[in-house]
Amino acid sequence: MRITTTRLAVFAVIAVLAVQPAYLLAQPLVLTSEQLDALGTSCSTVQISLQKLQRSDAVSRINHGRDYDQLLKQVGAFNGRLAYNKINLPQLSQIASDMQATVEQFRTIYNSYDALLDSAINRRCQDDPADFYNQIVKARDQRDTVYATIGVLDAMIVKYRDEVQKYRTTLTDTAKGATQ
C-alpha cells in the first residue's frame with residue numbers, strides 16, 4: 001500500500017502528539033528516508049494542523065488558568081477564615097501552598113510547550129524534515145508534561161476537599177457528642 005503525503009501528514013501529527021505507552025516513548029520512532037521526503041513535501045499541511053492544535057490548546061490553557069486562579073482565591077479565603085477563627089489546620093495551608101507552586105509550574109511548562117510548538121510551526125520544514133519531526137516530538141513530550149501537571153493539580157484539589165471533609169466530620173462528631 002502506497003502512503004500518500006496527506007496520509008503521512010495525518011499519521012505524523014497523530015503519532016507524534018498522541019499519548020503513547022511509556023515503553024514506546026523510550027524508543028524514538030525512526031522515519032525512513034521515504035517518510036522524511038513525504039513529510040518534507042506535506043509539512044505545510046502538518047503545520048496547519050499544529051496551528052489548529054495550538055489555538056485549541058491556548059483556549060484550554062486560558063480556561064484552566066482562570067479556573068486555577070479562582071480556586072486559589074477561594075482556598076485562600078477559606079484558609080484565611082480558618083485562621084481568623086483560630087482554627088489550626090496546617091495540612092490545608094500546605095496543600096494550598098503546594099497548589100500555588102504547581103499552578104506556577106503549570107504556566108511555565110505550558111509556555112515552554114507553546115514555544116516548542118511555535119518553533120515547529122514556524123520552521124522551514126521542507127529543508128530539514130527530520131529536525132521538524134524532532135521539534136514536534138519535543139513539543140509532544142512537553143504537552144504530556146502539561147497534562148501530567150494538570151493531573152497533579154486535580155489530585156491536590158481532591159486532597160484538599162478530603163481534608164476539609166475530615167474536619168467537617170470532626171465538627172459533626174463533636175457536636176453530636178456535646179448534645180448527648
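Bear in mind that the values in this text are calculations on the coordinates, not laboratory data. Being a predicted model, the structure only gives us computed values, none of them experimental. Cβ coordinates were reconstructed from backbone atoms using ideal geometry, including for glycine residues, and neighbour counts include every protein chain displayed.
The figures follow:
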| quantity | calculated |
| --- | --- |
| Residue-count net charge about Ile87 - beta-carbon cut-off 15 Å; Lys, Arg +1, Asp, Glu -1 | +3 |
| In Hz, Karplus ³J(HN,Hα) per residue of segment 163-179 (6.51, -1.76, 1.60; θ = phi - 60°; x = Gly, Pro) | 5, 5, 5, 4, 5, 4, 5, 4, 5, 5, 5, 5, 5, 5, x, 6, 8 |
| Thr174-Asp98 FRET efficiency (beta carbon distance; Förster radius 25 Å; 0.05 resolution) | 0.35 |
| Among 165-172, 119-126, 88-95, the order from most to least packed when residues are scored by Cβ within 10 Å on average | 119-126, 88-95, 165-172 |
| At 1.002 mPa s and 20 °C, Stokes diffusion of segment 111-180 via Kirkwood alpha-carbon radius, µm² per second | 136 |
| Sequence-distant residues sharing a close amide H with Gln126 (under 5 Å, placed H) | none |
| Cβ-Cβ FRET estimate between Arg81 and Asp127, R0 fixed at 45 Å, reported to 0.05 | 0.15 |
| Cα coordinate range in segment 33-180, projected on the principal axes (Å, largest first) | 81, 24, 20 |
